[in-house]
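Only the coordinates and a few stated rules stand behind these numbers; no lab work does. From a predicted model like this one, the values you see are computed outputs, not experimental measurements. We place every Cβ from the backbone using ideal geometry, glycine too, and count neighbours over all the protein chains shown.
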Amino acid sequence: MWRRIILLFAISGAYALNGQCRVLAVGGGTERGAYEAGAISALLTNLPAGQAEYDVVTGVGIGAINAMIVASYPQGQESQAAAKLQSFWNSFTSATLYSDWIGGLVTGLLYESGLFDTAAMKRTIKNLAPGTKFPRWLGVGCTDLVSGNYVFFNSTGQTLTNMLTGIYASASDPGIFPLVKYSNFQLVSGSVKFSIDLLDAVNACYQLGYQENQIIIHSVLGAGLKLGQVEALNYKTLQVTMRYFEISAYDLYLRVLENAKHDFPQVNMQYSIYPSKGLNHTLYPYDFTPAELAQEWALGQADALKLIQTTLVTE
């Protein structure tokens, strides 16, 4: 078992029990943030009343940013959270997350800890943050390059400033983006360890006072049970790197899902949403055209809606 470091895991008594602990777990290890956001939006706006009022939200990688957007809105404001996800990804460009270093890729390769400068990502996360604290329980995972441990930040035990650092680190794909220094840690994306964090989500529900059979999990991932084929013959270095992350996320997700089912047999893993079709990678990370982002968003919506409708028919 991988060693985990949970930072100041304290639970506030402000969370009221409502009979079920509803979890949204958003994955990382891919650049499919728009796909994930489309799927999350469909959950938020199409599930029966109360079923998307998530008590616990976890995120890893680019999923940490989508998770923070959802967790920035209190229960009952799911439509507002969905609208924010859509506006964020409608206006998204690669400059939302990064820019070239002075000197370009050579500077990143030889003198920095990542190929691109992510000062823009840090600003973006700060601009997305709530004014004082997250109104929902939010947790994000990172990987410490010094120890190799998984480092988990949660919103009940961390200041808002530290949570934003955790989100920034969680979304920092290693090699592509620089590591993030925090305390004695040198942090990169938690997707190095887990492509999605279900264990900490379940533990959060336990700490909130719920039993295993009261936990319902909705998982959203950019790569899942069906890894789409791509035309990789002409892929360049960065495209190969992002494809590697996607394959790793696929393998890790299967492992995490099976482990969760084994360890928590009474937890209801109600929805696991992942791309039903293959999606190609851009030459540079996250450098999608508006049309490509719209395509990802639409596929996320369609995949989630199909699953929701199938479930509602059979219930």
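What the table shows:
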{"quantity": "Residues with amide H under 5 Å from that of Asn149, placed H, sequence gap 5 or more", "calculated": "Asp144"}
{"quantity": "Two-site label geometry, Thr93 and Thr289: point separation in nm, points 7 Å out along Cα→Cβ", "calculated": "1.5"}
{"quantity": "Built amide H within the under 5 Å cut-off of Ser172, gap 5+", "calculated": "Ser189"}
{"quantity": "Peptide ranges 195-205, 78-88, 160-170 listed from the most packed, as the mean C-beta count within 10 angstrom indicates", "calculated": "195-205, 160-170, 78-88"}
{"quantity": "Net length gained if the chain between Gln80 and Ile102 were fully extended (0.36 nm per residue, minus Cα distance)", "calculated": "4.1 nm"}
{"quantity": "Segment Tyr111-Val146, length gained on full extension (0.36 nm per residue, minus Cα span)", "calculated": "10.7 nm"}
{"quantity": "³J(HN,Hα), Karplus 6.51/-1.76/1.60, whole Hz, each residue of segment 84-94, x for Gly, Pro", "calculated": "5, 4, 5, 5, 5, 7, 5, 9, 5, 9, 4"}
{"quantity": "Residues with amide H under 5 Å from that of Ile215, placed H, sequence gap 5 or more", "calculated": "Cys21, Asn268"}
{"quantity": "Cα-projected label distance for Lys126 with Arg255, points at 7 Å along beta-carbon direction, nm", "calculated": "3.6"}
{"quantity": "Ranked list, fewest to most other Cβ atoms within 10 Å of each Cβ, for Tyr150, Tyr284", "calculated": "Tyr284, Tyr150"}
{"quantity": "Cα-Cα over 32 Å, subset of Lys181/Lys261; Lys181/Lys306; Lys133/Lys306; Lys122/Lys193; Lys126/Lys193; Lys181/Lys277", "calculated": "Lys181/Lys261; Lys181/Lys306; Lys133/Lys306; Lys181/Lys277"}
{"quantity": "Magnitude of the charge dipole, segment 35-118, Cβ model with Lys/Arg +1 and Asp/Glu -1, debye to 20", "calculated": "120"}
